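*Asks:* Here it is: the structure, laid out below.
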Amino acid sequence: MDLVMQYLVTGLTVGSIYALMAIGFVTIYNITGILNFAQGEFAMIGALSCVSFVNLGLPMFAAIPAAIILTAIIGFAVERTVIFPVRNRSVITLIVITIGVSTFIKGLGLIIWGTSPRTLQPVMKMGPIQLLGAVINPQSLFIFLTVLLLLAVLYVFFDKTFIGSALRASEKNPRAASLMGINTSSMSALAFTLAAALGAIAGIMIAPLTDATYEMGFLIGLKGFVAMVIGGVNNISGAVVGGLLLGVIEAFSGGFISTFYSDAIAFGVLLLMLFFKPTGLFSKATGERV
Amino acid sequence: MAKLDNVLYGHLWRPFASLMVIVLLLPLFVKSSYILTVLILIGIYSLISIGLSLLLGYAGQISLGHAAFFGIGAYVSGVLTAKYAGSPWIAMVIGIVFTWLVSYVIGMAILRLKGHFLALATMAINIIFFILILGLDEFTGGASGLVGIPSLSLFQLNLGNPLYFYFFVWFIVFVIILFSMNIIRSNIGRLLRSIHDSEIATETLGVNVAKYKVIIFSLSAVYASLAGSLYAHFISFIAPPSFYITFSILLLVMVMVGGVHSIWGAVLGTAIIMFLNEWIRYIGQTYFHISGQVEIVVYGLIIILVMMFMPKGLVDILERLWKKIKSVQIKGAEKRKMTTEKGA
Amino acid sequence: MANLLEVKQLTKKFGGITAVDRIDFSLEEGEVVAVIGPNGAGKTTLFNMISCFIPPTSGEVIYKGERLTGRKIFELAHLGISRTFQNLQIFNNMTVLENVMMGVHVKLKTNVFSAGFRLPTVKKNEEIAYQLALDVLEMVELKDFMYKKAGNLSYGLQKQLEFARAIVYHPQLILLDEPMAGLNDAETNRMAGYIKELKKKGCSFLFVEHKMATVMELADRIIVMDFGKKIAEGTPHEIARNEKVISAYLGEEAF
Amino acid sequence: MKKAVKGRMLLALLIVFLFGIAGCGSQSTTQTDNKGKDQGKVVKIGVIVAETGPASTLGHAQANTVKLIQKELDQQGPINGTKIQLIMHDYETNDTKAVIAMDKLISEGVVAVVGATQTSTTMAILPKAVQANIPLMATAPVSTDKENVYMLAHSSSTIISQVVDYLVKHNIKKVAWLNARDAFGVIGLPAFKELAKQHDIEIVAHEEFDATASDMTVQLTNIRKKNPEAVIVWSRTPGAGIVARNFKSLGFTIPMFQSTAAANKGFIEQVQGNSDNIMVVGSKLSVVDQLPESDQKKRILAFRDAYVKEFGEEPDLFAAHAYDGIQLIIEAVKAGKTTAKDIQNFLKNELKEYPAISGTLDLTNPLKGAKADGLTLLRIENNQWKYNQ
C-alpha cells in the first residue's frame, strides 16, 4: 500500500512542477494565442538569478521577489522588441521566433552563469515528512501550496478584476476589445510580463529539487506544454489538473511498467489527447464556421 | 509548351545548371578535409530541408520531428550493415520503405491537427523515437551508440574517400531537387499550395486533402531517411543525441532562414546555417577565446532577426537584389542603345 | 427530364433547436432553383447538408439515383457537383490563372510519382488545364488579370474568380452560396449573365440569395424557408402572390 | 510561384556560397601554410572536450587544464627549439561536432589528439585518428583494439573494483544498481556484472533514469522493494546529486556508492550536510593533502596547486586524464620526437611506464588504462572530501 502512496506523492510533486509551467503557457496562449517556446527559459532565468541574488548576500525573502521582477522585465522586453511587431504573422513564423528567443536566452544564461549546475537552498529547512508510509519532501509541499495559491490569485485576477477580463476579451476578439477601448497591444505586453513572472516562480520553486543549469528550461518547458494540452488549452485550472495528471501518469507508469519508458508513455498520452480531444479535457469544443 | 512551363514557374534549367557549376568547382577551392566534411554535411542536410520545404513551404504543414525519420534511416542502415553485415544499398532501401510505412501511419493520425498542436505532436513523435533507440540497446547500441558502420562503395569506386563521397552526395541532392521541382511544377505543386491557402476550397475541388497531406509528409520523411543512411555511412558512428529535437529545430530554422517558399531557399538556408555554425565558433575561439558559448547567443539572435525582417527568407532578398542589378543593366543597355541611335 | 437532385425529409437538430425541419424538394436537369428566406431560416444549414459539409440528423439527399449524404466532401466534385462559399474561399497567394487551373483537378490524372518523374501525362494535363482555364477566364472577362495574385483583386473580381473556378471543369450541378452578396449592380448583372449562359449549356443551379430582383429574374423555381420549415415552393410568379410568403418574409417589400 | 525570375536567385546563391567558402577556406589555408614553413618549430596537439552541453560537468575542468598547460608552456618557452601549441575544440556534447572538429584538427596537422570527455564521442573520433594514423590519448574508457589508442582513463572494471573491494571487506551480498540513460551511465553495469559473479554478489535490482530527469524517487522506491544491502549509482551530475538527495529523503540507511563522474565540487554542493553514508570513487587528487608522503603526492600536489591558483576551484579525475594525455606528448617532445610516428614508438618502446596523476600507466599495452593506484573511495565530511584508509 505504501508503494502506491509513494508513487502518488512523487507523481503529485513532479506534477505540480509541470502545473507551474503549464500556468505560464496558458496565460500567454490565453491572451495572445501564441504557444511560447521560451517559457522554459523564463524559469531558468528566474532560478539562476535567484541563486545569484542569494550569493550576493540577499536573504531568501528578498532574493525571490528580485528574481521574479527581473524575469518579468525580461519578459516585457522580449514582448516589446520581438513578439509585438510580428503578432499577426503566420503560426509557423511565430513558432520559429519563439524558438529563436529561447535559444538566445539560453545562450545568455550560459555566458552569465556558466555550465556547472547551481543549487538553491529550499525555503523551508525541514526533514522529510512521513505520511501513510510515503515520504514527502517539504519543498514539494511548498510547491503544491504555491500552485494552489497561484490558482486562486489568477482565478480572482482573470474573472473578477477589470484588467483580467480585458485580457481575456482581447484574446477572444482583439478588434471588438479595442472597440471597447481596451488597448490590446498593452494587453499582450501584460500577458508576457505575467507569464515571465509565473515562469520565474516555477523556476525558483523547482531549483531546490532539480538544481538550476542554463539548460533546465527545455525539458520542463516541454512537459509544461504537454500538461497544458492534456488539461485544456484555454483555462488555467484545466492546465493545473493536466500537470498533476501528467506527473501521476509518469510516476505510476514508471513504478508499474518501467521507469525506462515512463517518458515515452507520457508523450504517448499526449498524442492520444491530441487525436481525440485536441482542445484538452476541460474545454468546450469550438466548431469551425465555414 | 515548354514555354508555358517557364511562364508558369520561371526557369528550371538555368538555376539548376548554375548550382551544378558551383558544386563541381568547389572542390578546387577547398584544400582542407574539414571544409569538405562541412560541404558533405550541407549536402546531406539539404536533402531533409528540401523535404521540409515541400511539406512546410508548399503544403503548409509544420514538423518538428524530422530528426526521427533521419534517425530511422541512419539506424536501419547502421544496424543492418554494422551488426548483420548486410549490403549498404539494400539497407538503404529497407530504411526508406520502413520510414515510408511509419511516416504514413503517423501522418494519417496527426495531420488532422493544425499549427501549434501539429508542432507539438511531431515533437512527441521525435521524443518517443529517441527513447526507443535508447531503450532497444541490444540492436541500436543504445546510449553508447553504434560503431563500425562501413563506408559505401559504388561498383569499384571507394566512397570512403571524402572527395568521391562529396560528389556522390551532391549527385543525389540534384536528383532529389529535380524530382521535387517536377512535383512543384505540375498540378500537384498547385494542389499543395492550395491546401496551404484554404483546405476547404481544395476539398470541394475534388482533392482528398487528408491523403495528399500524408503523401507529402511521407515523401519528406523518405528524403530524411535517405539522408540518414548517407549520414551513417559518412560518420561511420551514430549515437542518439544527434537525432534529438534540437536537430529537428535546427532543420526548421534552416528552411525558414533560407526561405520556406522555395526549394532553392532550403538549400541556401542549410548552407548558410552550417557555415554560420563553423564561423561563429572560429571567431569565438580566436578573438574572444570562449569556445562554443557565444555560438548559441548569436544563433538565437540571427533566427529572430531573419524571421522578423526577412519573413520570406534570404533567398527572397537575394532575388530582389539580383532583379535590381538586372534592371540597372537593362536601363544601361537601353541608354546605350538610344545614344548609338542618336549618334548614328 | 429525370430528377437530378432529390432532397427527402432532410432535418438538422443542434441540441434543442431544429435548424432544418423535414425539407423535401427536387431539381431537374437544366433547372435553376433558388432557396430564399429571412436570416436564420436555416438556408445555409440546408445548403451545407446537401454539399455534405455537415451530416443531417435524418433524411437523405439523392443525386442521379445515388445516395449523396454520408459521402466525403471531395467525392462530390467527381460526381459533377461544385460549390462556392458565402465567405469567399479563394487561394490568395496563387495567381488568378493558377486558381482556375486548380478547378480542373478532377479531370487530371497526375499523381505525385508521375509528376516527380515528369511522365508525358503531366505535360498533357498541364495543357488541358491551361486551355480550360483560358476559355473560362475569357468568358468571365478575367483574362487580363491572369498573372495577378488572387489576393490583390477587388472583392467583385474575387467573387467572379471563385465562380470561374467552380465552373471550369463543366460540372452538372453548381451550388452557389449567396453569389451576389456584396456585389454592385454592374457585377450582379454580369454574374446573372454568366449563370444564364451556363443554363443554356444544360447546367443546373441551386443557390441561396437575398437579392430578390436577381432571384425573380434567374430562378425557374423558388423554395421559401422560415424557421427551418419549407413554407412555399413554386415559380417566381406564384411565390410573389403567396400569402404565407408575404407575411413571413416579403410583406413589407413592394416590388 | 508567380513568374519569379528563378535564374537570378541561383546566381545569387553562387555568390553567397563562394563568399562562405572563401571565408572559411582562407581561414584554414593560412593555417596550413605556416604548418609547412616552420614544421620543425611548432608541434600542435589537438584537444577535444565538451566545455558546454550536458557533459560539461566533466569537460569544463578538462578545458581549464588545457588552458593551464598552455600558459605554463608559453612561460617556459620552446622545449629544445620546438614550440608546443594546444588547439582545443568544444564539441558541445554533440558527437557530430566532435567528428567535424577532428577533421579540422587533422587538417591543421596535429601530431596527437587528446580527448574526448565521453565514451561515445571518443568512439566517434577514433576511426578518424586511425585513418590519419596519429595517436589518440583517450580520456574516457573505450573498448577498441587499435594500437594507436592510449587509454588514460581507468577502465570501468578498475573503477568498480574499488567498490567491490569495499563490498567484499564488509560482506555485502545484495546490491542494487541504478544508472543514467546516457553514454556514461550505461558503461558501468557490464563490468560490474562480471566482478559481481566472481565475488558471488547478487544484483537484486536494476533501474535506469533519464539523464535530465528531475526526480528519481520512483526508481528508488522500486529498489526498496528488493531491500538491497547497498546501492551503486552510475551517473554524471546533476543526476547523481538528485538521486543522492532523493536517497536520503526516502530515509535509506544503507551505503550508496557513486562513480568517478560524481567526484566533483558540484556533487558536494548538491548533497550538502546530508551525505554520511555516501561514498564516491574518486582520484587521490581530491584528497592529496590527507595522503601519506610520497613522490606521487608531490606530483599530484604540484598540479592541484597550479590549478587552484589559476581557477580557484579543485581539479577532478577527468582534469587529471587530460593533464596526463598532454604531459605524455610533452615528454616525447622533450626527447626530441616531433612527428606522430616517432612519438608513438617513443611512448611504447622508450618511456614504457609513466607515473601519471590518474594512476601509473603501462604504455607497453596502452589499452589497459590507468592502474587503480590513482583511485580511492572518498567520503564527504563537512562538505570536504575525506580520505578513506
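The values are calculated or read from the model by the stated rules, or taken from the named source; none is laboratory data. What you are looking at is a predicted structure, and each value in this text was computed from that prediction instead of being measured. Reconstructed Cβ throughout: ideal geometry from the backbone, glycine too, with neighbour counts over all protein chains shown. Please note that ligands, DNA and RNA were not included when accessible areas were found on the heavy atoms of the full protein model with its side chains. Shrake-Rupley method; radii C 1.70, N 1.55, O 1.52, S 1.80 Å.
*Asks:* Here are some residues: D:TYR150, D:TYR166. Which one is aromatic (Phe, Trp, Tyr) and surrounded by fewer than 19 Cβ atoms within 10 Å (Cβ to Cβ)?
*Replies:* None of the other options fit; the residue is D:TYR166.
*Asks:* Select from the stretch A:13-33 the residues that are within 11 Å of chain D (Cβ to nearest Cβ) and aliphatic (A, V, I, L, M) and list them in ascending order.
*Replies:* Of everything in the stretch A:13-33, those that are within 11 Å of chain D (Cβ to nearest Cβ) and aliphatic (A, V, I, L, M) turn out to be A:VAL14, A:ILE17.
*Asks:* Which residues, taken from the stretch C:54-74, are under 25 Å from C:ARG22 (Cα atoms) and within 9 Å of chain B (Cβ to nearest Cβ)?
*Replies:* Passing the criteria: C:LYS72, C:ILE73.
*Asks:* Output yes when any residue across the stretch C:121-143 is part of a helix (DSSP H, G or I), under 30 Å from C:GLY40 (Cβ atoms) and touching a residue at least 24 places away in the same chain (Cβ under 8 Å), and no when none is.
*Replies:* no
*Asks:* Please name all residue pairs, on different chains or six or more residues apart, with Cβ atoms under 8 Å, provided the first residue is in the stretch D:197-215 and is under 13 Å from D:VAL233 (Cβ atoms) and the second residue is outside any loop (DSSP other than H, G, I, E, B) and open to solvent by 70 Å² or more (accessible area, probe 1.4 Å).
*Replies:* If the second residue must be outside any loop (DSSP other than H, G, I, E, B) and open to solvent by 70 Å² or more (accessible area, probe 1.4 Å), the pairs left are D:ALA205/D:LYS225.
*Asks:* Within the stretch B:100-114, can you find the residues that are closer than 15 Å to B:LEU56 by Cα and within 21 Å of the chain's Cα centre (by Cα)?
*Replies:* Correct list: B:GLY107, B:LEU111.
*Asks:* Looking at C:LYS123, C:LYS107, which one is open to solvent by 10 Å² or more (accessible area, probe 1.4 Å), modelled with pLDDT under 90 and at the interface with another protein chain (Cβ under 7 Å from one of its Cβ atoms)?
*Replies:* C:LYS123
*Asks:* Just one of B:GLY142, B:GLY148 is at positive phi, open to solvent by 40 Å² or more (accessible area, probe 1.4 Å), more than 21 Å from the chain's Cα centre (by Cα) and more than 14 Å from chain C (Cβ to nearest Cβ); which is it?
*Replies:* The unique qualifying residue is B:GLY148.
*Asks:* Here's a check for you: in the stretch D:208-231, which residue that is in a strand (DSSP E or B) and at pLDDT below 90 is nearest to A:GLY217 (Cα to Cα)?
*Replies:* By that ranking, first place goes to D:PHE209.
*Asks:* How about the stretch C:80-97: which of its residues are more than 8 Å from chain B (Cβ to nearest Cβ) and touching a residue at least 60 places away in the same chain (Cβ under 8 Å)?
*Replies:* C:GLY80, C:ILE81, C:THR84, C:GLN86, C:LEU88, C:VAL96
*Asks:* So, one more: From the list A:ILE92, A:ILE99, pick out the single residue that is within 30 Å of B:PHE309 (Cβ to Cβ), in contact with a Leu (Cβ under 8 Å, 6 or more places away or on another chain) and in contact (Cβ under 8 Å) with a residue 40 or more places away in the chain.
*Replies:* A:ILE99
*Asks:* Please note which strands (runs of 3 or more DSSP E) are completely contained in the stretch C:168-255 and include at least 1 residues that are crowded, with 22+ Cβ neighbours inside 10 Å and under 17 Å from the mean Cα position of the chain (by Cα).
*Replies:* C:173-177, C:204-208, C:221-226
*Asks:* Quick check on the stretch C:110-120: of everything there that is part of a helix (DSSP H, G or I) and buried (at least 16 other Cβ atoms within 10 Å of the Cβ), which residue is farthest from the other protein chains (Cβ to nearest Cβ)?
*Replies:* Only one residue fits best here, namely C:SER114.
*Asks:* Take the stretch C:142-158 and flag every residue that is open to solvent by 10 Å² or more (accessible area, probe 1.4 Å) and within 17 Å of C:MET102 (Cα to Cα).
*Replies:* C:LYS143, C:PHE145, C:MET146, C:TYR147, C:LYS148, C:LYS149, C:GLY151, C:GLN158
*Asks:* Of the conditions (1) touching a Ser or Thr at 6+ places or on another chain (Cβ under 6 Å); (2) among the hydroxyl-bearing types (Ser, Thr, Tyr); (3) open to solvent by less than 10 Å² (accessible area, probe 1.4 Å), B:TYR231 clears all except one; give me its number.
*Replies:* Among (1) touching a Ser or Thr at 6+ places or on another chain (Cβ under 6 Å); (2) among the hydroxyl-bearing types (Ser, Thr, Tyr); (3) open to solvent by less than 10 Å² (accessible area, probe 1.4 Å), the lone unmet condition for B:TYR231 is (1).
*Asks:* For the stretch C:44-77, name all the residues that are among the β-branched types (Val, Ile, Thr) and under 18 Å from C:LEU206 (Cα atoms).
*Replies:* Residues satisfying the conditions are C:THR44, C:THR45, C:ILE50, C:ILE54, C:VAL61, C:ILE62, C:THR69, C:ILE73.
*Asks:* Something else: Is it true that B:GLY60 is in contact (Cβ under 8 Å) with a residue 24 or more places away in the chain, under 30 Å from C:LEU134 (Cα atoms) and open to solvent by 10 Å² or more (accessible area, probe 1.4 Å)?
*Replies:* yes
*Asks:* Whether any residue in the stretch B:13-31 is touching an Asp or Glu at 6+ places or on another chain (Cβ under 7 Å), within 9 Å of another protein chain (Cβ to nearest Cβ), modelled with pLDDT under 85 and crowded, with 16+ Cβ neighbours inside 10 Å is what I want to check.
*Replies:* No: zero hits.
*Asks:* Could you identify the single residue in D:GLN62, D:GLN70 that is open to solvent by 10 Å² or more (accessible area, probe 1.4 Å) and not assigned by TED's automatic domain parsing to the domain that holds D:ALA180?
*Replies:* D:GLN70 is the lone residue from the list that is open to solvent by 10 Å² or more (accessible area, probe 1.4 Å) and not assigned by TED's automatic domain parsing to the domain that holds D:ALA180.
*Asks:* Look through the stretch A:91-145, keep the residues that are away from chain B (no Cβ under 14 Å) and assigned to a helix (DSSP H, G or I), and return whichever of them is most open to solvent (accessible area, probe 1.4 Å).
*Replies:* It comes out as A:LEU145.
*Asks:* A further question on this structure: Across the stretch D:86-111, what is the number of residues that are more than 7 Å from chain B (Cβ to nearest Cβ) and basic (Lys, Arg)?
*Replies:* Matching residues across the stretch D:86-111 total 1.
*Asks:* Can I ask one more? Take the residues of the stretch B:127-166 that are hydroxyl-bearing (Ser, Thr, Tyr) and touching a strand residue (DSSP E or B) at 6+ places or on another chain (Cβ under 7 Å): which is farthest from B:PHE69 (Cα to Cα)?
*Replies:* B:TYR164
*Asks:* Here's something else I'd like to know. For the stretch D:252-279, how many residues are outside any loop (DSSP other than H, G, I, E, B), away from every other protein chain (no Cβ under 13 Å) and out of contact with any Lys or Arg (no Cβ under 7 Å at 6 or more places or on another chain)?
*Replies:* 5
*Asks:* Follow-up. Out of (1) under 18 Å from B:ALA232 (Cβ atoms); (2) crowded, with 24+ Cβ neighbours inside 10 Å, what's the single condition that is false for B:SER53?
*Replies:* Every condition holds for B:SER53 apart from (1).
*Asks:* Going residue by residue through the stretch D:255-263, is there one that turns out to be farther than 17 Å from D:SER161 by Cα, without any contact (Cβ under 8 Å) to a residue 60 or more places away in the chain and buried (at least 24 other Cβ atoms within 10 Å of the Cβ)?
*Replies:* No, the stretch D:255-263 has no match at all.
*Asks:* Go through the stretch D:107-159 and give me each residue that's part of a helix (DSSP H, G or I), in contact (Cβ under 8 Å) with a residue 40 or more places away in the chain and over 12 Å from the mean Cα position of the chain (by Cα).
*Replies:* Within the stretch D:107-159, D:SER107, D:ILE125, D:THR158, D:ILE159 qualify.
*Asks:* Looking only at the stretch C:44-59, decide whether some residue is in contact with a Pro (Cβ under 8 Å, 6 or more places away or on another chain) and open to solvent by 50 Å² or more (accessible area, probe 1.4 Å).
*Replies:* no
*Asks:* Tell me which residues, restricted to the stretch B:228-253, are aliphatic (A, V, I, L, M), within 14 Å of chain D (Cβ to nearest Cβ) and either under 19 Å from B:PHE275 (Cα atoms) or assigned to a loop (DSSP other than H, G, I, E, B) (or both).
*Replies:* B:ILE235, B:ALA239, B:ILE249, B:LEU250, B:LEU251
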